[in-house]
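These notes are about the structure you will find just below.
The values are calculated or read from the model by the stated rules, or taken from the named source; none is laboratory data. Bear in mind that the values here come from a model prediction, so they are computed numbers and not experimental data. These area figures cover heavy atoms from the full protein model, side chains too; ligands, DNA and RNA do not enter into them. Shrake-Rupley method; radii C 1.70, N 1.55, O 1.52, S 1.80 Å.
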Amino acid sequence: MHFLIKTISSHPPKAWIVLGFSLAVTWLAWSVSNGFVIERAKERFQFEAQDLQIAINNRLRDQEKVLQGGVGLFAASKHVSRDEWRKFTKALDVEPQQVVPVDPESTDWRLVFYSAMGSMPIIHMRPKRQVVRALI
């Protein structure tokens, strides 16, 4: 305690005022810039979430049309054979989907986001299981 008092009293008061003012200005600058960074991150998140929502809605609308087409095929026919169904799905140009195992610990979760955006195959994650399956 004696050392602290001796250290403080050995420097002129103007030095402590300059130090305090400098620290206050530094803290204020950090606080303002941190606020801008957080606001920018929120805006980016909102923008990407909105794009994701639009992509999901578009995909759901497309899937709904495919399902309505299937309902129409069954409604227009007394019996739908496997060959007719195969031709119907081929005409829709629907890609078959494959399930593959995925390790949840090593999965880059950004892939899930980009998959939903349509730039990569769709990946579905089911956490809290030993083996997670991805739909690609």
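Please list, or write none, the lysines whose alpha carbon is within less than 21 Å of the alpha carbon of K87, excluding same-chain residues fewer than 8 places away. Reachable lysines: K65, K78.
Accessible surface of F47 in the full protein assembly, 1.4 angstrom probe, to the nearest 10 Å²? Roll a 1.4 Å probe over it and F47 shows about 120 Å². Overall, the accessible surface of the range 9-52 at a probe of 1.4 angstrom is composed of carbon and sulfur to the extent of 72 percent.
The residues of the range 1-86 have, on average, 92 Å² of accessible surface per residue, using a 1.4 Å probe with all protein chains present.
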